[in-house]
Amino acid sequence: MSLGNGTLIRQDQIAKDAEGLLRTVWNEGSAEVPLPVDPVRIARSMGVEVFDAHLEAAVSGAIVKERGEDPVILLNASDSRNRKRFSCAHEIGHYVRRTQTGASEGYEFVDLRGPLSAQGTEGEEIYANRFAASLLMPEQLVRSLRRDGLPLVELAFRFRVSEDAMRFRLEHLGLL
């Protein structure tokens, strides 16, 4: 997959990035992933504050990095809890990617998650969306629960994501 800036990244690398963060920050080295994953707690453990904000209706979230300051994630206060969770995980994906490339320090940036972000047609947005899905719905746990026969609606409830997000994850993993 091309990130649109000449950088290529393998699909499995996105999942590995999310799994690494889960292992080191969320479940602290344990093989067990407690559900639901809390992206706000993960962000804060990374030094990224998260706030609800009054954003334009078409903007679900944003990550703001000002020169010399820690980044801040803003979530649309009027969005549902599940949407905020996905938006937060999406913005963490942007931050992780920037950190990997060394682009998170020394300059300012703003990434907005609007309605087109969900379609994921631009490389950085594709990365952030797949990262968010991998963070909130870890592959091995999704596969295990699906093997146990849990239907889509129950999976969505357990992972605290929308049914659409769960359906997309199942399709992407070849489980639907």
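Every number in this text was worked out from the coordinates using simple rules, so none of it is lab data. What you see is a predicted model, and the numbers here were worked out from it, not measured in a lab.
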Check: Which ³J(HN,Hα) values in Hz, rounded to whole numbers, follow from the phi angles of segment 51-57 under the Karplus curve 6.51 cos²θ - 1.76 cosθ + 1.60, where θ = phi - 60° and Gly and Pro get x?
Finding: 9, 6, 9, 8, 9, 4, 4
Check: Residue separation times 0.36 nm, minus the C-alpha to C-alpha distance between S78 and Q100: what's the value?
Finding: 4.8 nm
